[in-house]
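Have a look at the structure below before the remarks.
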Amino acid sequence: MEEEVSNMPNNMPNIPFLASSTGPAWLPAAAKDARQFAYWGQLIMMVMFVVAAVMAIVSLVTGSWGSAAYFIVALVVLAFLFYMMNQTVFTPIDQGKFREASDKLLIWGILGLVFLTLPGIFLLLSYVRLQEVFQPQYQQYPTQYYQQPQQYSQQPAAAAPPAQQQYQAPQQQYQAPAAAPAEAPQQQRSEMIKCKNCGVQYPAFMRNCPNCGAPR
């Protein structure tokens with residue numbers, strides 16, 4: 001049953017040259033709104049075409065030649081706009097060609113506003129809404145994002161030299177006792193051994209290395 005219900009809209013007859021009410025899901029919000037305004041304008045064209053055809057027939061029957069001429073011209077304009085809307089507005093919008101659709105909306109909107117007020121208003125509303133697509137709102141975000149890492153990257157570099165000096169100081173303090181004092185002749189004659197861990201030489205009578213503390 002669910003499959004039959006989902007396939008019902010596909011079996012319904014489609015009106016020739018009438019665009020679909022929805023476009024691709026990836027369209028921006030401004031393009032979706034502009035497409036909806038244009039779709040309403042095309043629906044109004046279809047309704048006014050029927051009304052203009054009836055009024056043209058009535059005017060011809062009653063002998064109102066001026067009204068008949070106006071409604072015949074309105075029929076031609078309505079038929080032309082209704083036919084051109086699908087291939088010059090809806091298809092470019094669905095393909096992402098917003099500039100091409102915007103130019104055609106302006107032309108058809110002015111033409112519809114001169115002969116047929118209501119469809120022209122919807123087409124011009126669609127044109128105005130579509131202009132927001134050409135106004136990017138996120139151009140300054142990358143510059144603000146990359147400025148902050150440059151400010152924080154300088155702090156670790158300034159702190160690096162003191163850290164090296166702190167680790168070099170203990171080596172100089174422990175290397176000083178390795179030198180034989182001039183006032184102790186007995187220590188000069190003592191045997192020196194080399195630490196297996198850090199490589200510092202120290203007297204053999206010492207059990208641990210004075211530099212790293214490792215046993216000999």
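The values are calculated or read from the model by the stated rules, or taken from the named source; none is laboratory data. Bear in mind that the values here come from a model prediction, so they are computed numbers and not experimental data. We place every Cβ from the backbone using ideal geometry, glycine too, and count neighbours over all the protein chains shown.
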Task: Any chance Ala31 is at pLDDT 90 or above, part of a helix (DSSP H, G or I) and small (Gly, Ala, Ser) - done: yes
TODO: State which residue is surrounded by the fewest Cβ atoms within 10 Å (Cβ to Cβ) when the search covers only region 60-76 and only residues that are farther than 21 Å from Pro119 by Cβ and of a type in the set (S, T, N, Q).
DONE: Thr62
TODO: Take region 83-102 and flag every residue that is surrounded by 15 or more Cβ atoms within 10 Å (Cβ to Cβ) and among the charged types (D, E, K, R).
DONE: Asp94, Glu100
Open item on the list: If I go through region 83-108 residue by residue, how many of them are free of Cβ contacts under 8 Å to residues at least 24 places away in the same chain and acidic (Asp, Glu)?
Closed with: 2
- [ ] Have a look at Phe80, Phe49, Phe115 and point out the one that is surrounded by 13 or more Cβ atoms within 10 Å (Cβ to Cβ), over 21 Å from Gln131 (Cα atoms) and free of Cβ contacts under 8 Å to residues at least 12 places away in the same chain.
- [x] Phe80
- [ ] Identify the residue in region 79-115 that is touching a Pro at 6+ places or on another chain (Cβ under 8 Å) and of a type in the set (A, V, I, L, M) and, among all such residues, is nearest to Gly23 (Cα to Cα).
- [x] Ala101
